Amino acid sequence: MGLGLIPFMPGTITSLAGGIIFYLIGKSPFFPIITILITLLSFIISYIAYSHVKDDLPSITVDELSGMLIAYTFHNPTILTIIAGFILFRLFDILKPFPVRYFDNIKGGFGIMMDDIVAGILTSLLLFIPEILWHGQPL
């Protein structure tokens with residue numbers, strides 16, 4: 001989408017785009033399928049980019065988009081969910097606690113993608129906590 005070419009915080013801007021996409025189409029029954037397709041495409045893009053430059057370029061941000069969509073896939077597109085998911089995902093992506101850091105250390109397109117996928121999974125799991133505490137009520 002060209003968001004990686006933005007000179008100021010391209011990963012954060014792409015993560016925001018993931019929240020907007022979720023807000024717009026998160027209730028669609030096709031949202032999980034769209035997430036899977038974007039994730040598969042992201043693996044291909046990451047592999048090709050790494051094979052050319054042997055690095056995780058900041059301008060390639062499709063991995064952040066994929067991670068954000070994974071974080072939101074099993075949740076309702078409410079404003080609170082979008083904000084909480086964005087904050088949690090960015091914290092995991094920037095601070096890279098275990099196991100995110102483990103996958104960040106893997107070289108190649110697989111490693112580029114997996115740290116964001118794991119950050120998305122951890123975010124999704126944490127987003128379930130309020131739903132469990134409030135007896136199934138979405139955040």
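The values are calculated or read from the model by the stated rules, or taken from the named source; none is laboratory data. Since we're looking at a predicted model, the values are computed, not measured. All Cβ positions, even for glycine, are placed from backbone atoms using ideal geometry, and neighbour counts span all protein chains on display.
The sole residue among 60, 44 that is β-branched (Val, Ile, Thr) and touching a helix residue (DSSP H, G or I) at 6+ places or on another chain (Cβ under 7 Å) is 60. Here residue 22 clears all of (1) touching a Phe, Trp or Tyr at 6+ places or on another chain (Cβ under 7 Å); (2) outside any helix (DSSP H, G or I) except the condition numbered (2).
Look at region 59-85 and say how many of its residues are assigned to a helix (DSSP H, G or I) and over 20 Å from residue 132 (Cα atoms). Number satisfying all stated conditions: 8. Taking the listed residues 78, 73, the one that is under 15 Å from residue 24 (Cα atoms), of a type in the set (Ser, Thr, Tyr) and more than 14 Å from the chain's Cα centre (by Cα) is 78, with no other qualifying. Scanning region 92-119 for residues that are of a type in the set (A, V, I, L, M, F, W, C) and surrounded by fewer than 16 Cβ atoms within 10 Å (Cβ to Cβ) yields 94, 95, 98, 106, 110. Filtered by the rule that a residue be at pLDDT below 95 and of a type in the set (Ser, Thr, Tyr), region 74-105 gives 78, 81. Residues in region 1-43 that are modelled with pLDDT of 95 or more, surrounded by 12 or more Cβ atoms within 10 Å (Cβ to Cβ) and more than 15 Å from the chain's Cα centre (by Cα): 25 only.
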